[in-house]
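The values are calculated or read from the model by the stated rules, or taken from the named source; none is laboratory data. Because the structure is a prediction, the values reported are computed rather than measured. Cβ placement follows ideal geometry from the backbone for every residue including glycine, while neighbour counts extend to all protein chains displayed.
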Amino acid sequence: MLHPGPRNLITDIAGLTVGHATDEKVCTGVTVVLCGEGCTAAVDVRGGGPGARETEALAPENLVGRAHAIVLAGGSVFGLGAADGVTTALSAQGTGLQLRRGSPAIPIVPAAVLHDLANRGDKNWGLDPPYRELGMRAVRAAGVDFVLGATGAGRGARAGLINGGVGSTSLHLGDGLMVGVLVALNSVGSALMPDGKTYWAWAFELQQEFGGGGPPQQAMDLSDPAPDESRLLAIGRLQPGVNTTLAVVACNAALTTSECKRVAMMAHDGIARAVRPAHTPFDGDTVFALSAGNARLGSDISRPAHIARIGSAAADCLARAIGRAAHLSNPA
């Protein structure tokens, strides 16, 4: 029977650590996934208003196809500065590509941002946005155990009309194979069904990880997939780029960059299962995929089937992580 890993976090994938840094005054933050000496990586973008950095370095047709860290940040375009802080901190530690003896280490640090500029936080930072410093703080805070909910990149996030936040899950597939997910939920769509209490992801929940509410207790009209548009318009949410769900999915199998890309593509289904509507023109939905281990899948005709299994598990984990993010960011 499939079950979560020991922590039910993305850090059940050996070699990965996660750190948060939160600025309560600004009501924003940064979350970083550190990849040790580097992981094979890829990215897939499905939202209509993304904000990102160094994603082209992960394209299968390009040279690098690896990452030393993945940064998720609030702050819209200003949040991309968090990757500067992470890059500087990792280089100072000697982590990164060493292209010439004596030259600084060059970390590959792709990043994606969500829009939280319309929340109650003080955004009058002038010429000194906080994100570079938050990136460095997140690196210092990284470990295998980390908190979930309204923290880090999810501190100022929203999900439809409720709080968004950070969620994480894992799944043990047997034969030593593990999949894990981290998500920063800031969607224009809702994580809740029209009754306002049942999670769209309820069917994927394991071990009551987001409250054990189960299926809806009454029939509902599901013909209109949109949340309350008038209220979303009133609070400025229905604008291109002002929402986004960001995720990192990882496994401990040895994958190529192209295979990571396929896993990222499949994992997006988890957003569609847990948020309605998903991948809208107003969202910047972005999923990174990491190969953080050396579990062998073989090279025969069965290998594509293994990739499909990993991608399917990543989608399920992402749906669960979204439910967990919403649940822990909205205490009863």
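Residue-by-condition table, conditions (1) in contact (Cβ under 8 Å) with a residue 40 or more places away in the chain; (2) more than 19 Å from R120 (Cβ to Cβ); (3) crowded, with 24+ Cβ neighbours inside 10 Å:
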{"position": "A157", "(1), (2), (3)": "yes, no, yes"}
{"position": "S170", "(1), (2), (3)": "yes, yes, yes"}
{"position": "L173", "(1), (2), (3)": "yes, yes, no"}
{"position": "A184", "(1), (2), (3)": "yes, no, yes"}
{"position": "T198", "(1), (2), (3)": "no, yes, no"}
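Kindly indicate whether V26 is under 18 Å from the mean Cα position of the chain (by Cα), among the aliphatic types (A, V, I, L, M) and buried (at least 19 other Cβ atoms within 10 Å of the Cβ). The answer is no for V26.
Condition (residue is assigned to a loop (DSSP other than H, G, I, E, B), β-branched (V, I, T) and either farther than 23 Å from S329 by Cβ or more than 16 Å from the chain's Cα centre (by Cα) (or both)) applied to region 56-64: is it met by at least one residue? Among the residues of region 56-64, at least one is assigned to a loop (DSSP other than H, G, I, E, B), β-branched (V, I, T) and either farther than 23 Å from S329 by Cβ or more than 16 Å from the chain's Cα centre (by Cα) (or both), which makes the answer yes. Within region 24-38, residues that are over 21 Å from P129 (Cα atoms) have Cβ atoms under 9 Å from residues that are of a type in the set (K, R) and surrounded by fewer than 24 Cβ atoms within 10 Å (Cβ to Cβ) in these pairs: C35/R66; G38/R66, counting only partners at least 6 apart in sequence or on another chain. Only one residue in T87, T95 is hydroxyl-bearing (S, T, Y), at pLDDT 95 or above and part of a loop (DSSP other than H, G, I, E, B). Which one? Checking each option against the conditions leaves just T95. Filtering G79, G47, G75 for residues that are of a type outside the set (S, T, Y), modelled with pLDDT under 95, surrounded by 21 or more Cβ atoms within 10 Å (Cβ to Cβ) and under 26 Å from P281 (Cα atoms) leaves a single hit, G47.
When H68 is tested against (1) surrounded by fewer than 19 Cβ atoms within 10 Å (Cβ to Cβ); (2) of a type outside the set (A, V, I, L, M, F, W, C); (3) in contact with a helix residue (DSSP H, G or I) (Cβ under 8 Å, 6 or more places away or on another chain); (4) without any contact (Cβ under 8 Å) to a residue 60 or more places away in the chain, exactly one condition is not met: (1).
Scanning region 29-50 for residues that are under 14 Å from the mean Cα position of the chain (by Cα) and β-branched (V, I, T) yields V30, T31, V32, V33, V43, V45. Checked against (1) in contact (Cβ under 8 Å) with a residue 60 or more places away in the chain; (2) out of contact with any Leu (no Cβ under 6 Å at 6 or more places or on another chain), V109 passes all but a single condition, namely (1).
With the condition kept exactly as written, say whether any residue in region 7-16 is touching a helix residue (DSSP H, G or I) at 6+ places or on another chain (Cβ under 8 Å) and within 23 Å of G284 (Cα to Cα).
Taking every residue of region 7-16 in turn, none turns out to be touching a helix residue (DSSP H, G or I) at 6+ places or on another chain (Cβ under 8 Å) and within 23 Å of G284 (Cα to Cα).
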